[in-house]
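Here's the structure we're looking at; comments come further down.
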Amino acid sequence: MMHDSSANILGDALGCGARLREAREAAGLGLPEVASRLRMPLHVVEALEEGRWEVIGATVFVRGQLRSYAKLLGIDIEPFLETTVAPAVPVELVSHAHTPRYQRWVENMGRRMVYGVITIAIAVPVWLATRSHLTETPPATASLDAVPPALVADAPAQSSLPAPPPAQPETSGPYMASLAPAVGRAAAPVDDDVLQLEFSGESWLQVSGRDGRVVEQGLMRAGESRRLDPASVGSVVLGNASVVRVQQAGSIVDLAPYKRANVARFAVSSDGSVTAAE
């Protein structure tokens, strides 16, 4: 800090910037040295001495930099700050106490409408994204204890086949709805196109003819088997398909492409090959 009496330049004729420049020159300091000591850009120091304070910024910054410059030179410039540099003016607070009621009502309604639009824009996509999961019906599982309702609904309303006999509380034989008896059925002639069904567990069987009518349906037990003639079979439905082995022309038929929820549905072509059911 320099307190040289020669730096105390008196006289009201000198401006604040000129007084700072003369004090600097009297102290033997150059502009770059002052800028380095004050840690200010060189053009800011030049603007302070030339009175070009508008390039520096707000008045509060100008007053602070002038005080720092004067403190470095050991001079008093407070009188200039009160007259030459505009004093800092506090921010004027605007009261809304006298805002018309209609204007306040319009502003409130505008804000509520904006909030409502934003809420709808967020809620509607979320609702649409979750609606399909909420309304999705869980997959049905087939039961081996009763005739599946879907199979009964697929059968024609007017059928020439007799109704299946009522279920008994305890029975040793399978529930059959076929025209041919379950036991002692005549063996079909050996043919490479014949479908061979072998059951290693309980399974529900439904065989439909090429005209769509059900020709056989019933609960099959473990160890039973069926031979189907492709000439008279249109489609087959197997419940608990994992316990059924299907052979055609001596080859095992993979039922995986035709299974859903362990129920296999497939069509039989005239040559005995298995295809997807329509």
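Derivation of every value follows stated rules applied to the coordinates shown; laboratory data play no part. Quick caveat, the model's predicted, so the values are computed rather than measured. All Cβ positions, glycine included, derive from the backbone under ideal geometry; neighbour counts span all protein chains shown.
Cα centroids of the stretch 30-72 and the stretch 237-264: 93 Å apart.
Please list 25-33, 241-249 highest first by mean number of surrounding beta-carbon atoms within 10 Å per residue. Don't skip to the answer; put the middle values down first.
Details: 25-33: 12.9, 241-249: 17.9.
Descending mean neighbour count gives 241-249, 25-33.
Amide H contacts under 5 Å for TRP204: MET220, GLY239, ASN240, restricted to partners 5 or more places along the chain or on a different chain, H placed in the peptide plane at 1.01 Å from N.
Pairwise inverse Cα distances across the stretch 226-278, averaged and inverted, put the Kirkwood hydrodynamic radius at 11.2 Å.
How much length would be gained if the chain were fully extended between VAL106 and LEU128, taking 0.36 nm per residue of separation minus their Cα-Cα distance, in nm to one decimal? Before the final figure, lay out the partial values.
Details: separation 22, 0.36 × 22 = 7.92 nm, distance 3.29 nm.
Stretched fully, the VAL106-LEU128 segment lengthens by 4.6 nm.
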